[in-house]
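Peer 1: Once you've had a glance at the structure underneath, I'll fire off some questions.
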Amino acid sequence: MHRLARGLAALALPVVASGWVFSGQAQADSITWVVVDRAPVMILQEGRVPASAAELGAGSADQGLAAVIRRLPQYRHEFTLSNVARIWLDMERGRNLCYFAALKTPARLAVATFTPARLVPPQAVLVRKARRQALVGSATRVSLAELVARAGAEGRVEKGRSYGPELDALLAARPLASESVPNTGALLKPLARGHFSFTIEYPQTLHYMVQHGQIPDALDLIDIQEAGSWSESYVACTRNAWGQKVIQDIDRAIREASAGRAYRSAVMAWTPPALLQAKRAEVQRFFDERSRGGPRIE
């Protein structure tokens, strides 16, 4: 079995589709979009799998996906619920799927083809305010390598999740304890209760969960030195003949959508305003280049 499959098999969840059970290959004129419980990237309405694009939630990827689907009328669009680990296992098995909010890694490139859809800020260390001074002092930026070496036993990360190439390499060399979780942000609740002292997460996830009363305002966000700058988030589709065809149409749809203010605002939704304002020029340049440039497919 492929190395990726062995690593993810234990995390596999049943793939449940809205109104149908996924089995075999999708038809050539249809796209099955994976949705995940990953607020604020994807926000399931009442926990349900969308029956149509009109039922996609208010998440940044939801609304970006809706804009892309409107530009792909030649396809029938279906939706299936999964988790971040299971997506890549299903693609490796040859199931025809696309996912709107993917990070690109060497292992994933072996099973999926990618085209960039938006920018996302770097992930950060989240610590309990009560433990911040003991862990990092007054620092506003921390070396994750040094933190893991000093206090690794007190940290947790999500099993099967990519944190980007820089942090993935660091965590492979210095592993933290990992947990399988039902949705992104699930580690923030036990972190806030003091079950451990730090984790790694996107700023917009913390912003959303505090704003919606899902966790108390008990956590601080600290920039990671090794995390780099903002990175591209991709649409990924199964790497086969079907995927190579649909990714070309999806790339075209993204380039068309990127020219408009509505798409740009939608896919950047829930980013903390101060963070977005500080990088506004870089973000706008990305969308300008996508809308005016040629295909970008890997």
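Just so it is clear, none of the values below were taken in a lab; they were calculated from the coordinates. None of the values given here were measured: they were computed from a predicted structure. FYI the Cβ positions are ideal-geometry reconstructions off the backbone, even for glycines, and counts take in every protein chain you see.
Peer 1: Could you tell me the extents of region 124-227's C-alpha atoms along the three principal axes, largest first, rounded to whole Å?
Peer 2: The Cα atoms of region 124-227 stretch 35, 31, 22 Å along the principal axes, largest first.
Peer 1: Determine ³J(HN,Hα), in whole Hz, for all residues of region 93-105 in sequence, where each value follows from phi through the Karplus function 6.51 cos²θ - 1.76 cosθ + 1.60 and θ = phi - 60°; x replaces Gly and Pro.
Peer 2: In residue order, the calculated couplings are 7, x, 6, 7, 9, 10, 9, 8, 10, 9, 9, 8, 9 Hz.
Peer 1: Let me ask something else. Counting only residues 5 or more places away or on other chains, whose amide H sits under 5 Å from the amide H of Ala117 once H atoms are built in the peptide plane?
Peer 2: Close amide H contacts, sequence-distant or interchain: Ser233, Tyr234, Val235.
Peer 1: Give the range of the longest stretch in the chain that excludes all trypsin sites (Lys or Arg not before Pro) found in loop regions by DSSP and having at most 13 other beta-carbon atoms within 10 Å.
Peer 2: 194-298
Peer 1: Once phi is turned into ³J(HN,Hα) by the Karplus curve 6.51 cos²θ - 1.76 cosθ + 1.60 with θ = phi - 60°, what whole-Hz value does each residue of region 109-119 show in order, with x for glycine and proline?
Peer 2: Each residue of region 109-119 in turn: 4, 6, 10, 9, 10, 10, 9, x, 10, 6, 10 Hz.
Peer 1: Now for a different question. Provide the per-residue ³J(HN,Hα) series for region 174-191, in order, calculated from phi with Karplus coefficients 6.51, -1.76, 1.60 and θ = phi - 60°, each as a whole number of Hz, with x at glycine and proline positions.
Peer 2: Whole-Hz 3J(HN,Hα) from phi for region 174-191: 10, x, 9, 4, 10, 9, 6, 10, x, 7, 5, x, 5, 6, 6, 5, x, 4.
Peer 1: Show the residues, 5+ positions off or on another chain, whose built amide H is closer than 5 Å to the amide H of Leu219.
Peer 2: Residues meeting the amide H criterion: Lys129.
Peer 1: Something else: How large is the convex hull of the Cα atoms of the chain per residue, expressed in Å³ as a whole number?
Peer 2: 126 Å³
Peer 1: Okay, helix-only estimate at 222 nm for the chain: each DSSP H run of n ≥ 4 adds -39500 (n - 2.57), divide by all residues, round to 500 deg cm²/dmol; what do you get?
Peer 2: -10500 deg cm²/dmol
Peer 1: Long-range amide H contacts for Asn96: which residues qualify at under 5 Å (H placed 1.01 Å from N, peptide plane, sequence gap of 5 or more or a different chain)?
Peer 2: Correct list: Ala26.
Peer 1: Still on this structure, I have one more. Please report the spacing between the Cα centers of region 116-133 and region 171-234 in Å, no decimals.
Peer 2: 6 Å
Peer 1: Same structure again: Nearest 10 degrees, 0 to 90: what angle lies between the long axis of helix 241-257 and the longest principal axis of the chain (Cα atoms)?
Peer 2: Around 70 degrees separate the two axes.
Peer 1: Here's something else I'd like to know. Going toward the positive end of the dipole of region 242-295, with +1 on Lys and Arg Cβ and -1 on Asp and Glu Cβ, which of Thr271, Trp242, Ala253 do you reach last?
Peer 2: Thr271
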